[in-house]
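Here the structure comes first, spelled out in structure tokens, and everything after it is commentary.
The values are calculated or read from the model by the stated rules, or taken from the named source; none is laboratory data. Quick caveat, the model's predicted, so the values are computed rather than measured. All Cβ positions, glycine included, derive from the backbone under ideal geometry; neighbour counts span all protein chains shown. The protein model used for the area step is the full one, side chains on, heavy atoms only, and it has no ligands, DNA or RNA in it. Shrake-Rupley method; radii C 1.70, N 1.55, O 1.52, S 1.80 Å.
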Amino acid sequence: MNRSIHHFQDLHAHAASVTQWRQLYSQLTAGALDSSLQQLSSERCHVFRERINQRVVQQGEAPAGRVCFAVPIAVPGSVRMQGRDADAHSLFFLRGGEEFMFHMPTGMDMLSVTFDRDFFDTALRDTPCADEVAQLLRQPVIKVPA
């Protein structure tokens with residue numbers, strides 16, 4: 001198991017440090033960057049929490065052979081994922097190899113979990129609501145009740 005905690009003043013260094021992700025971050029607001037990235041990874045799972053004090057657009061490609069979930073912890077502004085509006089009551093989902101564009105507001109705090117696709121699919125098949133969950137996961141932004 002690998003663990004790391006980093007703080008950044010360089011947005012490109014932050015983006016490049018997210019294990020297994022190919023992505024580019026662009027800062028949209030003026031001012032000095034202050035961000036943090038905490039990661040925990042194993043062969044089948046990668047969990048990371050990122051906090052960024054500036055408005056940022058993230059674009060790239062989700063890791064191949066994975067399924068990716070993100071849960072907002074703090075959303076102090078408007079969010080757009082794959083061209084869809086989102087808020088603090090949204091869950092984000094990407095399939096491995098899928099390109100993405102995510103507009104992150106100033107001061108957002110987010111937790112992301114990436115699973116091995118085969119491992120996830122096997123676990124999903126064994127759940128009582130597999131069809132309903134699979135239907136929900138056809139969209140990149142899933143609204144959940146407050």
Exercise for review: For THR29 and ARG138, compute 0.36 nm times the residue count separating them, minus their Cα-Cα distance, and round to one decimal in nm.
Suggested key: 36.0 nm
Study note, to complete from the structure: Given backbone amide H placed at 1.01 Å from N, residues whose amide H is under 5 Å from that of GLN20, ignoring those fewer than 5 places away on the same chain, are none
Review point. What is the spin-label model distance, in nm, from HIS7 to ARG95 if the labels are put 7 Å beyond Cα along the C-beta direction?
Key: 4.1
Practice item. Kindly report the accessible area of segment 2-143 per residue (heavy atoms of protein chains, probe 1.4 Å, no ligands, DNA or RNA), in Å². Key: 53
Practice item. Quote the accessible area belonging to LEU11 in square angstrom, nearest 10, computed with a 1.4 Å probe and with ligands, DNA and RNA left uncounted. Key: 20
Exercise for review: With label points built 7 Å along Cα→Cβ from the Cα atoms of LEU124 and ILE73, find their separation and express it in nm.
Suggested key: 2.6
Review point. So how much slack lies between GLN20 and SER42, counting 0.36 nm per residue of separation and subtracting their Cα-Cα distance, in nm?
Key: 6.8 nm
**Study point:** Which labelled figure in [x] 22.1, 70; [y] 15.1, 49; [z] 17.5, 56 is Rg and Dmax of the Cα atoms in Å, once derived from the coordinates
**Key:** [y]
Exercise for review: Could you please state, rounded to a whole Å, how far the C-alpha centre of segment 99-120 is from the C-alpha centre of segment 31-97?
Suggested key: 3
